[in-house]
1. State the antiparallel share, in %, of DSSP beta bridges confined to the chain, rounding to the nearest 5.
2. By DSSP, what percent of the beta bridges with both residues in the stretch 153-287 are antiparallel, rounded to the nearest 5?
3. Using a 1.4 Å probe over the heavy atoms of the protein chains, calculate the carbon and sulfur portion of the accessible area of the stretch 102-155 as a whole percent.
4. Have a look at Ala142, Val92, Ile243 and report the one farthest towards the positive end of the charge dipole of the chain, computed about the Cα centre with Cβ charges (Lys/Arg +1, Asp/Glu -1).
5. Suppose accessible area is computed on protein heavy atoms with a 1.4 Å probe; arrange Asp200, Asp165 from highest to lowest.
6. So which trypsin sites (Lys or Arg not before Pro) in the stretch 176-281 end up in coil per DSSP with only 15 or fewer other C-beta atoms within 10 Å?
7. By the gyration tensor of its Cα atoms, with a ≥ b ≥ c the square roots of the eigenvalues, what is the shape of the stretch 155-208: rounded for a/c under 1.5, prolate for a/b over b/c, or oblate?
8. Run a plain Debye calculation on the stretch 1-82 (Cα atoms as equal point scatterers, no solvent) and give log10 I(q)/I(0) at q = 0.14, 0.16, 0.19, 0.25 Å⁻¹, rounded to two decimals, same order as the q list.
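The values are calculated or read from the model by the stated rules, or taken from the named source; none is laboratory data. Please read all numbers here as calculations on a predicted model, not as lab measurements. Here the Cβ positions follow ideal geometry from the backbone for every residue, glycine too, while neighbour counts run over all protein chains shown. Heavy atoms of the whole protein, side chains included, go into the accessibility calculation; ligands, DNA and RNA do not. Shrake-Rupley method; radii C 1.70, N 1.55, O 1.52, S 1.80 Å.
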Amino acid sequence: MLVRVKNLAKSFQGTRAVDGVSFEISEFGICGLIGPNGAGKTTTLRMLTSYLTPTAGTVCIAGFDSVRQPLPLRGRIGYLPEGSALPQDARVDEYLAFRAGLKGVERRRRTAELDRCLQICGLTGQRRRILGRLSHGQQRRAALADALLNDPPVLILDEPTIGLDPLQVLHLRGFLSEVASTHCVLISTHVLSEAEAVCDRVLIMNGGRLADDIDLREDGARQACFVEVDGVLEELTAVFTGIATGVDVKWLSSAGCWHRLELSAASVEDLRSEVAATCLRQGWKVRELTASPRSLETRFVRAVLPDSRKAA
């Protein structure tokens, strides 16, 4: 097991920032941690890296406990914090060489390791520059190069694209796709499109708790059908659930007697014909019938906004 988190909690002056979070990551790939501001994402990542001690619960990474074995655990992690404080008077290669020594990179390997990380992060031409004279995006990439030193099996990246321009974001996506085959990557982000573009799995946090756990590889294969129909909500839900095997019906909104629903099923490529035929048989009026892949935005809104999760 690469990452195991069980009943993780953290309180600050009596306020629960993280409350009973549990999840496991057992294979290489990219897992995203998303949620609104104040959801507890950064606090969770800091406990995973042993920089914060949990109030309750346990964290185990690569077989090491964050409380009882923090130093060997940190040796298996590459951590990019949200606000990386770099020494503004040091040169890029000097700083990374110092950090490589702290991370146990053998002296004879340090030059090659620095070259590798600088190339990945697009900083080869900036290696002799003073860190304080780099742009914000370049400093962010220098912090990422630090996280990659010694090739740790688990990478924990807190908002890695902050300060990067669009080309740098594309470069980072390519890098993440490459390392995902041999590393476990856990990233936090506020950008849902970013999570959809790079992640295999997404954990949604809200109010300090885990609100949803989505396997995008499976969820992306399901087709969603959106229908707005005039009828009794309970009857609509019951009938639509039975039109095919494994149909999932979610209420989205209502305006008077009109109800907008999302239907999805892995067993049917496109539900629209079945929905149309059902509405015709039932004599229901329809003013919307569209189909599109289930989006992360829909799942996110449902997870973090209580009104969107009401059962029919």
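1. Among the beta bridges of the chain, antiparallel pairing accounts for roughly 70 percent.
2. 80
3. Carbon and sulfur: 46 percent of the exposed surface of the stretch 102-155.
4. The one lying farthest along the dipole's positive direction is Val92.
5. Order by accessible area, largest first: Asp165, Asp200.
6. Arg222
7. Taking the square roots of the gyration eigenvalues as a ≥ b ≥ c, the stretch 155-208 is oblate.
8. Rounded to two decimals, the profile gives -0.43, -0.57, -0.82, -1.40.
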